[in-house]
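Take a look at the structure set out below.
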Amino acid sequence: MGTHVAKPVIVISAINFSEGGPLSILKDCLAYAAAHLTDRYKVIALVHSSALFDLHAIDFMELPKAKRSWLYRLYYEFFYFSRLSRQLKPYLWLSLHDITPNVEATHRAVYCHNPSPFYNLPLSQALMEPNFFLFNQFYRYLYKINIKRNDFVIVQQRWLRREFEKLFKPHRVIVARPKVSEDWKDEKTDLSYPRKNGITRLIYPVFPRVFKNFEIIGEAVQSIRKRGIEDVEILITLSGQENLYARWLFKRYGYLEEIKFIGLQPRETIYRLYREVDAMIFPSKLETWGMPLTEFKVLDKPILAADLPYAHESIGIYHKAKFFNPDDPEGLADLLIRLRQGELEYDQPVPETPEVDCTEGWGELFDLLLSS
């Protein structure tokens, strides 16, 4: 009778992911692992609640207290996981949420999503969103803890890699770009928001955060109104009640009929709206990855985006993109008028210079992490 050889262990830690985009990232990661890695590895996922998943090939370990407070979170990352790693003896420990834990493993990797330390936060915005101010100040120090113990630091864009290399000097930084599904683009369109003929309609699909720069849209719309133009309509996915910033925006710009505050929408509705509108507008000043930009370009429609590194990377090579100064509402107003008149001149796409350690999708990323 042959000797049973235990599979090497992969630990995927994401104890703080329980909703929204972070949960989607975790589900995609675990779905790939379940389908492609569990024949060769024992995959253990450290999660808030296993009820959020239906993946029988993955071993789940629940740590629900991690969401109660930062004290619990830090206890798990820096004390409990140290003991757990000595028990599990993992080949790879992948921490999906920013913090580098005290663990022992053959290979260690941390996925850094939060770009807030690299944003110059004005005092007015700090007062309007104090939690973001804390992240802005705190994450710079949180990232630094143990970061050089990692074999890999993972970010989503090349500009973030440059910032991490400059600020923290880790051993190796991987750019892991998300792989975007195009399955939704050919689905039937069901008009959600009836429109008048001749209206040029755009969409800005994001949650109200101070760096999302909604106010440039309000100021640009006020400008085109003064020029007698009223046949532009912009859908923004907030109701005006979500937080202090959203309430301030609604109070300041809610009277503008050209701006439709449609509230947060489920992903299926967002995809439907993508198919309905004429263009996307995206003035955000900070993104880990501008996912709506990457999604929307498959429809071959115009995109007006902030002239910032994240937007250029998220859009990539595309012949219908126009980049604008995110601090110039008059310039944006001019672009809206040209778009409406069919006279918008798009920017010439610039091919990227190839760089090492760039992956797309979970398959390429795990291949790199496990091939060392």
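Can Asp300 be described as surrounded by fewer than 17 Cβ atoms within 10 Å (Cβ to Cβ) and modelled with pLDDT of 95 or more?
When the stated conditions are applied, Asp300 does not pass them.
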If a residue must be part of a helix (DSSP H, G or I) and either within 19 Å of Asn114 (Cβ to Cβ) or touching a residue at least 24 places away in the same chain (Cβ under 8 Å) (or both), how many such residues does the stretch 4-41 contain? 16
Please state which one of Glu257, Glu230 is out of contact with any helix residue (DSSP H, G or I) (no Cβ under 7 Å at 6 or more places or on another chain), at pLDDT below 90 and assigned by TED's automatic domain parsing to the domain that holds Leu273. Glu230
What single numbered condition from (1) surrounded by fewer than 20 Cβ atoms within 10 Å (Cβ to Cβ); (2) of a type in the set (Ser, Thr, Tyr); (3) farther than 17 Å from Gln156 by Cβ fails to hold for Thr294? (3)
Selection over the stretch 48-83 where residues are touching a Ser or Thr at 6+ places or on another chain (Cβ under 8 Å), closer than 12 Å to Ser13 by Cβ and assigned to a loop (DSSP other than H, G, I, E, B) yields a count of 1
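Go through the stretch 102-158 and give me each residue that's among the aliphatic types (A, V, I, L, M) and closer than 28 Å to Phe81 by Cα.
Of everything in the stretch 102-158, those that are among the aliphatic types (A, V, I, L, M) and closer than 28 Å to Phe81 by Cα turn out to be Val103, Ala105, Ala109, Val110, Leu134, Leu142, Ile145, Ile147, Val153, Ile154, Val155.
Where in the stretch 289-372 are there helices (runs of 4 or more DSSP H), lying wholly inside it, with at least 3 residues that are over 19 Å from Phe211 (Cα atoms)?
Counting at least 3 such residues, we get 291-296, 329-341, 361-370.
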Test: residue in the stretch 279-289 that is surrounded by fewer than 17 Cβ atoms within 10 Å (Cβ to Cβ) and farther than 30 Å from Leu123 by Cβ: no
Every residue from the stretch 219-244 that is surrounded by 14 or more Cβ atoms within 10 Å (Cβ to Cβ) and not in a helix (DSSP H, G or I): Ile229, Val232, Glu233, Ile234, Leu235, Ile236, Thr237, Leu238, Ser239, Gly240, Glu242, Asn243
Residue in the stretch 267-278 that is in a loop (DSSP other than H, G, I, E, B), more than 21 Å from Gly331 (Cβ to Cβ) and in contact with a Lys or Arg (Cβ under 6 Å, 6 or more places away or on another chain) present: yes
Given (1) outside any helix (DSSP H, G or I); (2) in contact with a helix residue (DSSP H, G or I) (Cβ under 6 Å, 6 or more places away or on another chain); (3) touching a residue at least 24 places away in the same chain (Cβ under 8 Å), Ile44 misses just (2)
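The values are calculated or read from the model by the stated rules, or taken from the named source; none is laboratory data. Note that the structure is a prediction, hence the values are computed from the model and not measured. Here Cβ is always computed from backbone atoms with ideal geometry, including for glycine, and neighbour counts include all displayed protein chains.
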